[in-house]
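Below you'll find the structure, written out as structure tokens, and then a few comments.
The values are calculated or read from the model by the stated rules, or taken from the named source; none is laboratory data. Remember, it's a predicted structure, so these values are computed and weren't measured experimentally. Here the Cβ is made from the backbone with ideal geometry for all residues, glycine too, and neighbour counts use every protein chain on show. Remember, those area values only see protein heavy atoms, side chains included, never the ligands or the DNA or RNA. Shrake-Rupley method; radii C 1.70, N 1.55, O 1.52, S 1.80 Å.
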Amino acid sequence: MRQIDVQEVSAKVRDAVMEINVHTPEPVMIQLNDILTAEPSPAGRLAMQDIVQNREVASARAMPMCQDTGMAIIFLEVGQDVHFVGGDLRAAIEDGVRAGYADGYLRKSVVEEPLFERKNTKDNSPPVIHFSLVPGDSFAMTIAAKGFGAENMSWAKVLTPAQGIQGVKDAVVQCVVDAGPNACPPVTVGVGVGGTLEMATILAKKALMREVGQRHPDERYAALEAELLDLVNATGIGPQGWGGVNTAADVRIEYYPTHIAGIPLAVNLDCHLQRHKRIEL
Ligand code: SF4
């Protein structure tokens, strides 16, 4: 059985939260520059220039690209033949988040309970961790820093089967319209459909973790992603809400089998930052 030391996992988490808050991967940079070039609205282009320049400055000076350094979200894919040694895996991941936010001088944005005192935990822990068990002895993590301008504008509901594909299209576009500039567009729109309500919500978040340019392998869903992108971009909200044809950088859908009586649907918006990174150990 393969052994993985949780301290190695912890160190990778620390480094990743620092990196994703500061540096922009090349495919995202290319995507943002393409949007800048293609945007016909002068005000929208100005917003895109600021977005691109902000990325360059953040990376050059090793500073966070936004004051909201996000809540850490970690998707784990754990091979069933892996044995973790050296401590508790969840505790090690939480330590990694704490270390990264401390060592990177990143804003601490997490409160210990959501309704009453809302006291800041002062170390950006705990992260939200999703575990998936997979065959074999592989181990992968996708680490994200989710800004709440976009998270706050996200949405979940169960549609009736009669509402069908048109109901999904209407709901996705309405979510983006309701978000307006608050989600810091150009957004990435993650759509989770099927399963149950909580499954759809996790699928919507997972959809945001795809790499730039990846379409759904099912060509029907790939076509729906492209159509939804056109519909969202026809809203005219534009970069940072300044008007234009680039309200979204992409729309991505993930689905799961569901019950005959419903269409669980979740829309999770990500801002233009797209801070996430996949690591395989
Ligand atoms: S939604 Fe994104 S870009 Fe907007 S403030 Fe939050 S982290 Fe920053």
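Translational diffusion coefficient of the chain (Stokes-Einstein, Kirkwood radius from Cα pairs, 4 °C, 1.567 mPa s): 66 µm²/s. Tell me the net charge near residue 265. Cut-off is 13 Å between Cβ atoms, residue 265 excluded, with +1 for each Lys or Arg and -1 for each Asp or Glu. So the surrounding residues net to -1. Summarising the amide proton neighbourhood of residue 245: residues at separation of 5 or more, or on other chains, whose placed amide H is nearer than 5 Å comprise 41.
In order along segment 93-99, phi translates into HN-Hα couplings of 5, 4, 4, x, 5, 4, 5 Hz, rounded to whole numbers, per the Karplus curve 6.51 cos²θ - 1.76 cosθ + 1.60 with θ = phi - 60° and x for Gly and Pro. Site pair residue 26 and residue 162 shows an inter-label distance of 5.3 nm when each label is modelled 7 Å from Cα along Cα→Cβ. For the chain, the solvent-accessible area with a 1.4 angstrom probe is 47 square angstrom per residue. Ligands, DNA and RNA left out, the 1.4 Å accessible surface of the chain is 55% carbon and sulfur atoms.
First select every other residue whose beta carbon is under 15 angstrom from the beta carbon of residue 167; then total the charges, Lys and Arg +1, Asp and Glu -1. Working shown, then result.
Values: positive: 157, 169; negative: 170, 227.
Surrounding charge for residue 167 is 0.
Take the Cβ atoms of residue 38 and residue 3, set R0 to 51 Å, and the FRET efficiency comes out at 0.55. Over all other residues within a Cβ to Cβ distance under 12 Å of residue 52, the charged ones net out to -2, with Lys and Arg as +1 and Asp and Glu as -1. Taken one residue at a time, the phi angles of segment 247-260 give Karplus couplings (6.51, -1.76, 1.60, θ = phi - 60°) of 7, 10, 7, 6, 10, 10, 10, 10, 10, 8, x, 9, 7, 4 Hz. Gly and Pro are set to x. Taking every alpha-carbon pair under 8 Å whose residues sit at least 6 apart, segment 178-217 reaches a relative contact order of 32 percent.
Across the chain, the relative contact order, built from alpha-carbon pairs under 8 Å that are at least six residues apart, equals 25 percent. Placing unit charges on the Cβ atoms only, positive for Lys and Arg and negative for Asp and Glu, gives the chain a dipole magnitude near 400 debye about its Cα centre. Heavy-atom accessible surface of residue 109, to the nearest 10 Å², is about 50 Å², with a 1.4 Å probe and all protein chains retained.
Remark: segment 26-39, residue by residue, has Karplus-estimated 3J(HN,Hα) of 4, x, 5, 4, 5, 4, 5, 5, 4, 5, 4, 5, 8, 6 Hz, where x stands for each Gly or Pro and the curve is 6.51 cos²θ - 1.76 cosθ + 1.60 at θ = phi - 60°.
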